[in-house]
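This report refers to the structure that appears directly beneath it.
Where a number appears in this text, it was derived from the coordinates with a stated rule and is not lab data. As the structure is a computational prediction, the values presented were derived from the model and not from experiment. Here the Cβ positions follow ideal geometry from the backbone for every residue, glycine too, while neighbour counts run over all protein chains shown.
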Amino acid sequence: MKPIISRIVEYFNGKKISEQYPKWEKSLSQLQKRIEYNFHDSTLLKAALTHKSYLRRKYNDHKIPSPFERMEFLGDSILGFVVSKELFGRHPDEQEGKLSKLKSKIVSETYLTLKANAIDLGKYILLSPEEHSSGGNNKPSILSDTMEAMICAIYLDSGIAAATRFIKNHILVEYETTVTRNELVNYKSILQEYMQSRNQTPPIYVTVAEEGPEHHKTFVVEARVDGKIIGIGKGNTKKTAHQEAARMACQKLGV
């Protein structure tokens, strides 16, 4: 594990990002208080919060390797393992199907975005000027990805026990209440029913772009009615992107 950490630290320090953004570096102490974890090697936290868009814009290279994406990849697996283990222990009488549905909601982009907002994570993410101006600090795909990258950073810094504590304290906290709230409703169904109640053509969902590496793509989907775009969504799966497009459409239509 140490060679991997060394490579991340060497790469990040080589970009001299902290020297360019001293206020950003100083603000990270606030985030560490929020998450109740102090990094032994703060470079891991900085790497997890430096979005790929910043690096690629700064160095004018869209193929530049990004620690953020690698950390997100590992963090996603750690999150899935810890959530599965906790649900297995907390619900001894539930069948596999119920546990799988519960887990899928907890590790979903929508749920992770709620938890990211609870710690004001968006204000600490370093983005390219273009991504920042388009509201990137509030985008569900970026917030959820950053949560996963931060889980990886904690794991690399202190191991699985520390990562588990973070997940239990900041992601699994009040999960049974949260997964039944309106934020996790099926927006596609709501939009479908809304259009049907007005005898209008049901929406169709068109994937217009696929971004990112094969192992972790981001899908861009448009919700259309009679050829008109009524909502656009992004997500790490087509299903999530569909839901986000439907949510944006519902918001636009005042549903």
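Where does the charge balance sit around Lys239 when Lys and Arg score +1, Asp and Glu -1, over other residues with C-beta under 11 Å from its C-beta?
After counting each charged neighbour, the total is 0.
Name the residues whose placed amide hydrogens come within less than 5 Å of the amide hydrogen of Thr218, ignoring near sequence neighbours (fewer than 5 apart) on the same chain.
Long-range HN contacts for Thr218: Glu211, Gly212.
Using a Förster radius of 51 Å, what is the FRET efficiency between Ala209 and His91 based on their Cβ-Cβ separation? Nearest 0.05, please.
0.85
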